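Worksheet for the structure shown next.
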Amino acid sequence: MPCAANAAAQQAFLTDLAVLEAQVEAGGAVLYYADAAHPTHNTRSTRAWCQVGEERPLLTVSGSERVNLNAAVNAYQPTQLLLDETSRVDAQSTRRLYERLLAAHPTAGTIYVICDKARYYKNKELTQWLQGKPIVQVFLPPYSPNLDLIERLWKYLRQKIINTTFYRTKGQFRQAVLNFFTRLPEFEHDLVSLLTRKYHILDSQLTS
């Protein structure tokens, strides 16, 4: 739990979020959660079967190269995800992602994007570019990954792709990660169950 998690700020966000969700359900808007992820090409030790008293070696790679992903997932259709793979997640990558959002919803009255307060979301040039466009960024309270639906998607990606297989080369690793997003319809049952719009509020003040 983040030591600065603020229950009051999280509850206020959820109150405002309910208003946005009502607009979506009335047909006047769409709602996305956006975030970056940086899967690293390295062995992750999770768990595996092994004979009692025997060791099971785990192959590792020497590097720690990353796949940089900038993505937005539809809060109401979790298999609808827009992705920008990039050498660096920044304001330019975010603008490309937002251009894909605009293309995906050309008639939407408002496209709400829930995101954290990373610098690239608050970039001056990006803010100017957004003027007059239907995209509205809605910022999460600080230290609130529990309110960010796309964080659950990243966790699922790690469970399905990263934690389960050894990839000898970065190319193999990168392709497996990118293939995950083309297979989202295959994972629909899991994603619908996982990305429910239900949130648990964290309050670090209640934990000593």
Kindly indicate which of Tyr98, Tyr143 is of a type in the set (Phe, Trp, Tyr) and either in contact with a Pro (Cβ under 6 Å, 6 or more places away or on another chain) or at pLDDT below 95 (or both).
Tyr143
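Quick one: in segment 41-78, of everything that is among the charged types (D, E, K, R) and touching a Phe, Trp or Tyr at 6+ places or on another chain (Cβ under 9 Å), which residue is nearest to Leu149 (Cα to Cα)?
To start, the set of residues in segment 41-78 that are among the charged types (D, E, K, R) comprises 44, 47, 54-56, 65-66.
Filter once more, keeping what is touching a Phe, Trp or Tyr at 6+ places or on another chain (Cβ under 9 Å): 56, 65.
Details: Arg56: 36, Glu65: 26 Å.
Filtering first and then ranking leaves Glu65.
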Give me the residue from segment 127-176 that is touching a residue at least 60 places away in the same chain (Cβ under 8 Å) and of a type in the set (D, E, K, R) and, out of that set, farthest from Gln80 (Cα to Cα).
Arg168
With the structure loaded, tell me whether Pro106 is closer than 30 Å to Asp203 by Cα and in a loop (DSSP other than H, G, I, E, B) or whether it fails that test.
no
Top-ranked residue of segment 53-103 - restricted to ones that are in a loop (DSSP other than H, G, I, E, B) and among the basic types (Lys, Arg), ranked as surrounded by the most Cβ atoms within 10 Å (Cβ to Cβ):
Arg88
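Only residues that are part of a helix (DSSP H, G or I) and crowded, with 17+ Cβ neighbours inside 10 Å: list them for segment 111-129, please. Write out each step before concluding.
Filtering segment 111-129 down to residues part of a helix (DSSP H, G or I) leaves 124-129.
Hit for segment 111-129 is Leu126, nothing else.
Of everything in segment 184-195 that's touching a helix residue (DSSP H, G or I) at 6+ places or on another chain (Cβ under 9 Å) and over 21 Å from Pro142 (Cα atoms), which residue is surrounded by the most Cβ atoms within 10 Å (Cβ to Cβ)?
The first filter runs over segment 184-195 and keeps only residues touching a helix residue (DSSP H, G or I) at 6+ places or on another chain (Cβ under 9 Å), leaving 184, 187, 190-191, 194-195.
Next cut, over 21 Å from Pro142 (Cα atoms) only: 184, 187, 190-191, 194.
Working: Leu184: 17, Phe187: 17, Asp190: 14, Leu191: 20, Leu194: 14.
This residue is Leu191.
Among the residues of segment 1-10 satisfying the criterion of being surrounded by 14 or more Cβ atoms within 10 Å (Cβ to Cβ) and assigned to a helix (DSSP H, G or I), which is modelled with the lowest pLDDT? Walk me through how you get there before you give the answer.
Looking only at segment 1-10, we keep the residues that are surrounded by 14 or more Cβ atoms within 10 Å (Cβ to Cβ), and these are 5-7, 9-10.
So of that shortlist, the ones also assigned to a helix (DSSP H, G or I) come out as 7, 9-10.
On the way: Ala7: 90, Ala9: 93, Gln10: 94.
Out of the qualifying residues, it is Ala7.
Look through Thr165, Thr169 and report the one residue that is surrounded by fewer than 18 Cβ atoms within 10 Å (Cβ to Cβ), farther than 21 Å from Asp16 by Cα and out of contact with any helix residue (DSSP H, G or I) (no Cβ under 9 Å at 6 or more places or on another chain). So that I can check it myself, show each step before the final result.
Details: Thr165 fails: out of contact with any helix residue (DSSP H, G or I) (no Cβ under 9 Å at 6 or more places or on another chain).
Every option except Thr169 fails the conditions.
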Note on Ser144: of the conditions (1) surrounded by fewer than 18 Cβ atoms within 10 Å (Cβ to Cβ); (2) farther than 23 Å from Gly28 by Cβ, unmet is (1)
Any chance segment 156-167 includes a residue that's in a helix (DSSP H, G or I), out of contact with any His (no Cβ under 6 Å at 6 or more places or on another chain), modelled with pLDDT of 95 or more and of a type outside the set (Lys, Arg)?
yes
Pairs where the first residue, in segment 177-205, is more than 27 Å from Thr86 (Cα to Cα) and the second is charged (D, E, K, R) and in a helix (DSSP H, G or I), C-beta under 8 Å, 6+ apart:
Arg197/Glu21
Residue pairs within 6 Å by beta carbon, gap of at least six or interchain, first lying in segment 57-86 and touching a residue at least 40 places away in the same chain (Cβ under 8 Å), second surrounded by fewer than 14 Cβ atoms within 10 Å (Cβ to Cβ) and aromatic (Phe, Trp, Tyr), listed first then second, are Leu59/Phe166
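The values are calculated or read from the model by the stated rules, or taken from the named source; none is laboratory data. Just so it is clear, the structure is predicted and the values come from calculations on it, not from any experiment. Virtual Cβ from ideal backbone geometry, glycine too; neighbours counted across all protein chains shown.
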